[in-house]
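In what follows, a single structure is set out as structure tokens and then discussed.
Derivation of every value follows stated rules applied to the coordinates shown; laboratory data play no part. Since we're looking at a predicted model, the values are computed, not measured. Every residue, glycine among them, receives a Cβ derived from its backbone with ideal geometry; neighbour counts consider all protein chains shown.
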Amino acid sequence: MASLKELSAVPEVLASGHRLCAGCGAPIVVRQILRGAKAPVVVTNATGCLEVSTSVYPYSSWNSPWVHTAFECAGATASGVEAAYRSLKKQGKVDKEIKFVAFGGDGGTYDIGFQALSGAMERNHNLVYVCYDNGAYMNTGIQRSSATPKGADTTTSPVGKVSTGKRENRKDLTKIMAAHGIPYAAQVSPAHWNDLYQKAEKAFSAGGAAFINAIAPCPRGWRCDSKDTIEMCRLAVDTCFWPLYEIVEGKVRVTYKPRVKRPVVDFLKPQGRFRHLFQPGNEGLLEEIQKDVDRNWERLLAEEALSN
Amino acid sequence: MANEQRLAAMTGNEAVAHALRQIDPDVIAAYPITPQTDIVQYYSQFVSDGLVKTEMVTVESEHSAMSATIGASAAGARAMTATSSQGLALMWEMLHIASGYRLPIVMPVVNRALSGPINIHCDHSDTMGALTTGWIQIYAESAQEAYDNAIQAVRIAEDPRVLLPTMVCDDGFITSHGIENVSLLPDEVVKGFVGEYKPSKFLLNISDPVTVGPLVLPDYYTELKFQQAEAMKAAKQVILEVAEEYAKISGRKYGLFEEYKMDDAERVVVVLSSAAGTAKAVVNQLRAKGEKVGLLKPRVLRPFPAEELVAALSGAKAVAVMDRAETFSTQGGQLFTELRAAFYDAPKRPLMRGYVFGLGGRDTTVREIGKVFEDLRGDLERGSVSEKYTHLDVRV
């Protein structure tokens, strides 16, 4: 356990003055994660909000070496960077201890970057891949992704006379990554900063491929107040919409169990993207979403019990 | 003085794999595809036998092969990959990123027809589609040339005046799987020739953090592309300098193109890669009958040596340009249209016609190339070309 005071003394890799929106979850995730690195880091970034808003040439918000190539290949690009390190280190051309991290949004991770990420995890490169999951393609203007929650109103799953938003469930990426047999996979929320920090530390010292999925509200896409970002992160956890857990070499550990499990509507209601669900006639859909959350939570608890 | 060389019978792929082994790059990220596959297989064995220091990244696709190679190169490693056909097509997005980031990656490409329909045999539709990606392109007629080009490419790509990625191309199956006598230089001579890779800015230099691949908007993008174009111009001279130096260690001389019996040639065939070997046989046959025929075999397509080609062809009266890929422009193959354009300002222009030939691995023999020379004879007698561009050996 580190104190906030200690953590605040860690030098910032992502400088202030970047161009991300007020209340964006992504830079909070980046700054919290990088506190766990404990060594110089080389950052790889998938195309997305974080990339375009922190690297507007000739400026850069990155105090660490940073590379971006394209949308779907942060996993592969980071693999190459890490392989270069292994090669130059064994030849004695690089002597420092360096850590490797890749950041991608949910579009660049769950969807278009899925294959490259799967490859990087399967090859067990010594790197940490962090998804900042805001649940849609926010950079291009709030299009649905496979991380978009059921019922969300997005510009490609718009609510209309015959539509109540996205019909499908979210892809459970954290479990899929854990199923690669990697040393470390975890789900985090910036509201639980100490839990996040400890998981980042574990990921960076896992000795192989690690995956962290971080919920990262987008006030623009979620249509919530930018001052409520951390509150939204907390509600996602307290409703069990976004459970905090880790999977270490196959063993599941739920790292936070809310004393009182709040109904999912507490998480949905403050968000404009779910407003239509609270109109008469959509009660069934709300019930369905609650059932999905309950089922996933119960299953996670059962997996924890089974693997320990 | 040329070095003591080892003459060995091997396929083009094996020759290229040996060139790579002697270069011994820091990182290779590659994915198997016919007919490139055994380059990757041979190399994997070199790694498993501890013959190289390379970290091999066996990626899950060619898109990732190029992405990982870019990552490794940006990190400060000498990084390479190899591919063919669909693999190159899948890399297309990343090809532009490699050149735009000025990363001196060397990539053997074993030419194979693009789908569809699927076909695993040779034509040049893969690399012709990559002419606008900002890569240097060098083509080989034989396994020996593929070997020699791969070694020279490292020096060309990494020259500070250039810093551009380079494709070294040879013909799928014909060259990649055909067994030839190849002269291999001693390992230490190749290592000495390519030298150590010393990038000026790289990711693993933690004390001098660099941002690679930022968002560049209209205020700077044009200047970056201009610099890239200037580097491609500079590459021409560098290619010649490297060739000259390579001749000293190997005894084998290379240029921007090869001229075969061109001195007094009136009728000339222009063709790339392995088909040039067949064309040489036809030239020999016709020369034996006293006919003034010649061959020009381009080696470098990017940068396109327009002035030099025009000068070399200035004595010709009729020229046939043979392209091993369609462009669907309805105006002929890529080499044909570029060479015609190069002659626009020339005071003297030969008759010029184009052929698309050898698609999807169709054999082009002395008979077909003999017909091309015959067509040129007809054009000369007529004083005009009978058809601007045609498909050679096609059932219609």
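Normalising the Debye intensity of region A:143-190 to I(0), with uniform scatterers on Cα atoms only, and taking log10 at q = 0.15, 0.30, 0.32 Å⁻¹ returns -0.52, -1.02, -1.09.
Computed on region B:257-391, the Cα convex hull volume stands at 101 Å³ per residue. Beyond a 21 Å Cα-Cα separation, which of these cross-linked pairs lie in this structure: A:K93/B:K248; B:K253/B:K317; A:K96/B:K198? Flagged as over cut-off: A:K93/B:K248; B:K253/B:K317.
A cut-off of 5 Å between modelled amide H atoms, ignoring neighbours fewer than 5 places along the same chain, links A:V252 with A:S307.
The long axis of helix A:25-34 is offset from the longest Cα principal axis of chain A by roughly 40 degrees. Counting Cβ atoms of other protein chains within 10 Å of each Cβ in A:110-123 and taking the mean gives 3. Return the single residue from B:Y101, B:Y221, B:Y31 with maximal mean-square fluctuation; model: Gaussian network over chain B, springs between Cα atoms under 10 Å. It is B:Y221. Counting Cβ atoms of other protein chains within 10 Å of each Cβ in B:210-223 and taking the mean gives 6.
Taking square-rooted eigenvalues a ≥ b ≥ c of the alpha carbon gyration tensor, is region B:315-396 rounded, prolate or oblate, where a/c under 1.5 means rounded and, failing that, a/b exceeding b/c means prolate? Oblate is the answer for region B:315-396, as a/c is 1.5 or above yet b/c matches or exceeds a/b. Compared with the direct C-alpha span, the chain from B:E374 to B:A288 gains 29.4 nm at full extension, assuming 0.36 nm per residue.
For the pair A:K251 and A:R19 in one chain, pulling the backbone fully straight at 0.36 nm per residue adds 79.6 nm over the alpha carbon distance.
In the elastic network of chain B, a GNM with C-alpha springs shorter than 10 Å, the most mobile of B:P104, B:P35, B:P218 is B:P218.
The long axis of helix A:229-238 is offset from the longest Cα principal axis of chain A by roughly 70 degrees.
For region A:2-135, the gyration tensor built on C-alpha atoms gives an oblate shape. Its axis ratio a/c (a ≥ b ≥ c) is at least 1.5, and a/b is not larger than b/c. Enter the mean number of other protein chain beta carbons within 10 Å of the beta carbon of each residue in B:299-306, as an integer. Whole-number average of other-chain Cβ neighbours for B:299-306 is 0.
Taking label points 7 Å from Cα along the Cα-to-Cβ direction, A:F278 and B:V396 give a separation of 7.3 nm.
Close amide-amide hydrogen proximity is noted between A:V67 and A:V43, A:T44, A:N45, B:V212, each under 5 Å apart and 5 or more residues distant or on a separate chain (H modeled in the peptide plane; Pro and chain starts excluded). Between amide H atoms placed 1.01 Å from N, distances below 5 Å from B:V321 occur with B:V270, B:R353, B:G354, B:Y355, all of them 5 or more places distant or on a separate chain.
GNM on chain B, alpha-carbon springs under 10 angstrom: the most fluctuating residue among B:G358, B:G76, B:G383 is B:G383.
For region A:279-294, the Karplus equation 6.51 cos²θ - 1.76 cosθ + 1.60, evaluated at θ = phi - 60°, returns couplings of 8, x, x, 9, 4, x, 5, 4, 4, 4, 5, 4, 5, 4, 4, 4 Hz by residue, with Gly and Pro reported as x.
For the peptides B:7-13, A:294-300, B:189-195, residues were scored by their other Cβ atoms within 10 Å and the scores averaged per peptide; the highest-first order is B:7-13, B:189-195, A:294-300. Each 10 Å bin from zero holds the following percent of Cα-Cα pairs in region A:183-226: 28, 41, 22, 9. Each peptide among B:332-338, B:50-56, A:268-274, A:76-82 gets the average number of other Cβ atoms lying within 10 Å of its residues, and from highest to lowest they stand as A:76-82, B:332-338, A:268-274, B:50-56.
Remark: region B:109-126, residue by residue, has Karplus-estimated 3J(HN,Hα) of 10, 8, 5, 8, 4, 7, 6, x, x, 4, 7, 9, 9, 6, 8, 10, 5, 5 Hz, where x stands for each Gly or Pro and the curve is 6.51 cos²θ - 1.76 cosθ + 1.60 at θ = phi - 60°. Calculate for the protein assembly as shown the 222 nm mean residue ellipticity that helices alone would give, adding -39,500 (n - 2.57) per DSSP H run of length 4 or more and normalising by residue count, nearest 500 deg cm²/dmol. The helix contribution divided over the protein assembly as shown gives -11500 deg cm²/dmol. Shape analysis of the protein assembly as shown places it in the prolate category; the axes a ≥ b ≥ c from the Cα gyration tensor give an a/c of at least 1.5, with a/b above b/c. Within the shell defined by Cβ-Cβ distances under 15 Å, the residues around A:T148 carry a net charge of +2, with Lys and Arg each +1 and Asp and Glu each -1. Axis of helix B:366-382 versus longest Cα principal axis of chain B: the two differ by about 50°, to the nearest ten degrees. Grab the other residues whose beta carbon is less than 13 angstrom from that of A:A83, score K and R as +1, D and E as -1, and report the net. Counting the neighbours of A:A83, the net charge comes to +3.
Placing R0 at 30 angstrom, the Cβ-Cβ distance between A:S205 and A:E122 gives a FRET efficiency of 0.90 after rounding to 0.05. Expressed as a whole percent, the proportion of Cα-Cα pairs in chain A lying more than 37 Å apart is 12%. Computed from Cα atoms alone, the Kirkwood hydrodynamic radius reported for region B:6-250 is 17.9 Å. Pairs of Cα atoms nearer than 8 Å and 6+ residues apart set the relative contact order; for region B:257-391 it is 27 percent. 3J(HN,Hα) along region B:42-56: 4, 5, 4, 5, 4, 5, 5, 8, x, 7, 9, 9, 4, 8, 9 Hz, from the Karplus curve 6.51 cos²θ - 1.76 cosθ + 1.60 with θ = phi - 60°, whole Hz, x for Gly and Pro.
Annotation: the antiparallel percentage among DSSP beta bridges lying fully within the protein assembly as shown is about 30. By the scheme Lys and Arg +1, Asp and Glu -1, what is the net charge of all other residues having a beta-carbon under 12 Å from that of B:L164? In short, +2.
Packing, taken as the mean count of other beta carbons within 10 Å per residue, orders the peptides A:6-12, B:206-212 from highest to lowest as B:206-212, A:6-12.
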